Amino acid sequence: MPNQSLQVLKSKEHNKAFYTGLQVCASVWACPVCAAKISERRRAELTTALALAKAREWDVFMLTLTVPHGLGDDLPALLKQIHTAWRSTTTSRAGQKLRKLLGIRGTIRALEVTHGQNGFHPHLHVLLFLDQGFSPQSVHHAFSPLWQQACMRAGLPRPSDEHGCRVDDGTYAAAYASKWGLESELTKSHTKKGRNGS
């Protein structure tokens, strides 16, 4: 930090040394040092949220939302449209009605962008915390048309019935996240590698 001296301190709790007074960039995408710290903090917060949901006997589903994309897409414009579509999905009259119907107690959202032979592939991973006992299929059936309509209102092509919306229960989502677990699927996307070299 400017006008602050560099110091080396030792934690009594963890018995480890650490620096203070360093300037940091706080970039989860560009800096491996900051990314590790930020994603670990977020992972710990999500672990707590998942434990609280389990204690309250809420269902946790992972909703994955995507849009049609191609090689010539303008990524910043696409991201803005996706943000607009998500906001519409959650705050529109139909979105609020759906939240109430499904008993959605909260959500945690992460944007992930991969790149492959079809260009940039932005998509949302959203943890849904529900208290009404719906199945993943029921949640998918309710969310998919709402997402499709919101995307078209935002100027995006209509997401396909097959790929636009996916809902997995916590068990599947944890397996999908392989070695890390569900909380890391949402917090450690900067370290993931896609299929087929993406």
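The numbers here are math on the coordinates, done by the rules we state, and not lab data. Just so it is clear, the structure is predicted and the values come from calculations on it, not from any experiment. We place every Cβ from the backbone using ideal geometry, glycine too, and count neighbours over all the protein chains shown.
Miscellaneous remarks
- Net charge contributed by nearby residues that have their C-beta within less than 15 Å of residue 19 (K/R +1, D/E -1): +3
- Order of 165, 25, 31 under a 10 Å beta carbon neighbour criterion, fewest first: 25, 31, 165
- For residue 115 and residue 51, the difference between the fully extended length at 0.36 nm per residue and the C-alpha to C-alpha distance is 19.7 nm.
- Counted by neighbouring Cβ atoms within 10 Å, the residues 59, 74 run from fewest to most as 74, 59.
- For residue 105, the residues whose amide H sits under 5 Å from its own are 129, 130, 131, ignoring neighbours fewer than 5 places away on the same chain, with H placed 1.01 Å from N.
- Using the Cβ-Cβ distance between residue 152 and residue 7 with R0 = 45 Å, the FRET efficiency computed as 1/(1 + (r/R0)^6) comes to roughly 0.20.
- Across the range 150-155, coupling constants 3J(HN,Hα) worked out from phi with the 6.51/-1.76/1.60 Karplus curve, θ = phi - 60°, read 5, 5, 5, 5, 7, x Hz, and Gly and Pro carry x.
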